[in-house]
Amino acid sequence: MKIPGSLNILILLQLICITWTSQVLAKKTLTDSVTCSSGPCSGISMPCPAQCPTTTPNGQNKKACIVDCSSPICAATCINRAKPNCNGRGAACQDPRFIGRDGVVFYFHGKSNEHFSLVSDTNLQINARFIGHRPAGRTRDYTWIQALGILSGSHSISLEATKAAKWEDEIDHLKFSYDGEEISLSEGALAVWNSPDGNVKLERVADKNSVILSIPRVVEIAVNVVPITKEEDRVHNYQIPSDDCFAHLEVQFRFFGLSAKVDGVIGRTYQPDYETPAKLGDAMPVFGGEDKYRTTSLLSADCKDCLFKPNSNDGNSKNSPFLVEYGTLKCSSGLSRGVGIVCKK
């Protein structure tokens with residue numbers, strides 16, 4: 001029996017339609033969705049746009065899916081994953097210039113070749129090693145953050161800027177370790193390293209010198225290595241010696257589920273009843289606390305006000321009475337420009 005030509009065309013069109021529909025559905029299943037835990041859109045699952053189908057994109061300059069949990073418009077949008085924004089909340093850059101959860105800028109000088117607790121909670125400890133230089137006739141060190149030491153559960157992670165006499169863009173100036181063993185992270189914006197238990201992820205956001213470290217439900221840290229430039233040296237009169245460009249870290253933190261008792265140089269600003277001691281009109285407020293936050297090493301939690309307890313989950317437990325949640329800020333599982341925040345997945 002011969003099938004009419006018109007029927008053949010109809011069958012072909014149906015097959016094309018089915019194939020196209022299947023492809024569309026397949027694409028939809030590959031997109032993430034984001035749910036706010038509070039705010040106007042609380043509990044609503046919002047699919048990511050096709051332009052940024054995931055909250056954790058791979059590769060340089062890829063866009064991440066985010067939701068503004070304070071907005072009455074319940075829709076996900078796109079934003080570029082980026083290096084630390086030194087003018088955003090949760091930042092620690094320059095001659096250490098911090099921006100707390102409240103958006104207030106403050107300085108903490110510390111001391112060269114010493115270690116200080118930036119964040120201390122029951123389930124998280126983040127220390128910084130300061131390097132510095134004191135020109136003749138100056139009463140204190142100029143200081144910068146050279147390394148971060150992170151304690152989470154029973155594990156330790158370190159990220160360090162390696163010393164260099166002269167800065168070269170084509171050289172990677174980052175060094176990493178996990179539980180005392182050096183991490184080998186390939187160069188390239190797609191390079192990713194995961195810890196054996198899968199609880200720590202380290203990924204490059206540029207070919208060299210820029211990474212994001214993630215500990216699920218605990219913290220994300222954007223890190224960038226930079227030198228002291230000749231212009232900075234001239235403007236600030238650092239009087240940097242010719243054999244050291246003082247490579248240091250620019251950092252921006254994003255926290256999940258900190259307790260109300262969290263402490264540390266920047267951690268204290270995330271306490272729910274925190275009030276800044278900075279005075280109105282003070283252009284460069286300097287906060288103290290060296291004695292409270294000094295630790296004996298990069299990976300110690302022995303400062304006077306340290307709270308960290310190995311293997312503790314109190315800080316991100318749903319049953320914790322101290323859990324702090326800020327659902328009125330942009331939340332995503334990828335760190336985005338200008339957002340140094342606390343939120344809960």
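Bear in mind that the values in this text are calculations on the coordinates, not laboratory data. Small disclaimer: the values here were computed from a predicted structure and weren't measured. Methodologically, a virtual Cβ is constructed for each residue, glycine included, from the backbone with ideal geometry; neighbour enumeration extends over all protein chains shown.
The table below lists the values:
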{"read-out": "Cβ crowding within 10 Å averaged over residues, with 107-116, 274-283, 244-253 ranked highest first", "value": "244-253, 107-116, 274-283"}
{"read-out": "nm² value of the averaged projected area, convex hull over the Cα atoms of region 91-331", "value": "14.0 nm²"}
{"read-out": "Compactness of region 226-312, expressed as Rg and Dmax over alpha-carbon positions, Å", "value": "17.1, 47"}
{"read-out": "Protection-proxy order for peptides 165-171, 129-135, each taking the mean of Cβ atoms within 10 Å per residue, highest first", "value": "129-135, 165-171"}
{"read-out": "Restraint check, Lys230/Lys292; Lys83/Lys201; Lys63/Lys166; Lys111/Lys279; Lys83/Lys279, Cα-Cα greater than 26 Å", "value": "Lys230/Lys292; Lys63/Lys166; Lys83/Lys279"}
{"read-out": "Cα convex hull of region 74-116 - mean projected area over all directions, nm²", "value": "4.7 nm²"}
